[in-house]
1. Semi-axes of segment 64-156's equivalent ellipsoid from the Cα gyration tensor, sqrt of 5 times each eigenvalue, largest first, rounded to whole Å?
2. Going out from 0 in 10 Å bins, what whole percent of all Cα-Cα distances in segment 1-121 drops into each bin?
3. Rounded to the nearest 500 deg cm²/dmol, what is the calculated helix-only ellipticity per residue at 222 nm for the chain, with -39500 (n - 2.57) per DSSP H run of length n ≥ 4?
4. To the nearest 10 degrees, how steeply does helix 175-184 sit against the main Cα axis of the chain, on a 0 to 90 scale?
5. Dipole of segment 1-160 (Lys/Arg Cβ +1, Asp/Glu Cβ -1, origin at the Cα centre): which of 99, 30, 121 lies farthest to the positive side?
6. Largest first and to the nearest Å, give the Cα extent of segment 155-223 along each principal axis.
7. Between residue 22 and residues 5 or more places away or on another chain, which pairs have amide H atoms under 5 Å apart, with H built 1.01 Å from N, and which residues are they?
8. Which of 169, 161, 120 moves the most in a Gaussian network model of the chain with Cα springs under 10 Å?
Amino acid sequence: MSNDALLGLSEDHLVSLADGHRLRPGAAAAFVKLQAAAAAAGFNLVPASSFRSFERQMAIWNGKFDGSRPLLDADSRPLDALSLDEPRRIAAILHWSALPGTSRHHWGTDLDVYDPALLPTGALLRLEPWEYGPDGYFYPLTKWLDANLTRFGFFRPYRLPLGGVAVEPWHLSYRPLARPCAARLTPTLVAAAISTRPVAGKAHILTLLDEIFARYVRNITED
């Protein structure tokens, strides 16, 4: 896979699932098998998000940075982005959203999942931890995934609170392809991509990049 694909700057590494979501071929094949097993257990397992380009991630990032998109604190409460200085704003965004160039969704190996049949009528999917916890409507799916993910090569990189990215029970990663991507991604590659593009806050980001990698990119749950 090229460096451009690693950074979300190319889409040549992707194939489409039946619903139009895109992954790398190996991850797509594994996910189809996971879906079939889920269906046999009574779940309609579908992606909420799969591949995400650098440009798309940058739109999310910039919107949260300038206050045009909602920004939440660690307890899922609204934050006023513009009331925070830039380093604190960057940290708040990174708790929920990856820096462009570092998102695992760039690789075509990761996706966010849910079961629309479990979503109550009129409810909007929020992708917040409580939805997948013991009192949430996706908890049966969470328990099934707990028991079956590894059989198909998937794991949850944000399964535990490690002081960086928020717990994301919905985020699945296809280990055989994701692990080599994670090993190849470096601050130098990301700095080169960010420095020539209109990423909000990039002056501070570039000075904080080693710390961002340590806390938010490499700080994952491996098992």
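1. 28, 18, 11
2. 13, 34, 30, 20, 3
3. -11500 deg cm²/dmol
4. 10 degrees
5. 30
6. Here the Cα extents, ordered largest to smallest, are 34, 24, 18 Å.
7. 17, 50, 51
8. 120
The values are calculated or read from the model by the stated rules, or taken from the named source; none is laboratory data. The shown structure was predicted, so the numbers you read here are calculated from the model rather than taken from an experiment. Glycine gets a Cβ as well: all are built from the backbone with ideal geometry, and neighbour counts include every protein chain shown. Accessible surface is based on the protein model in full, side chains and every heavy atom, while ligands, DNA and RNA are left aside. Shrake-Rupley method; radii C 1.70, N 1.55, O 1.52, S 1.80 Å.
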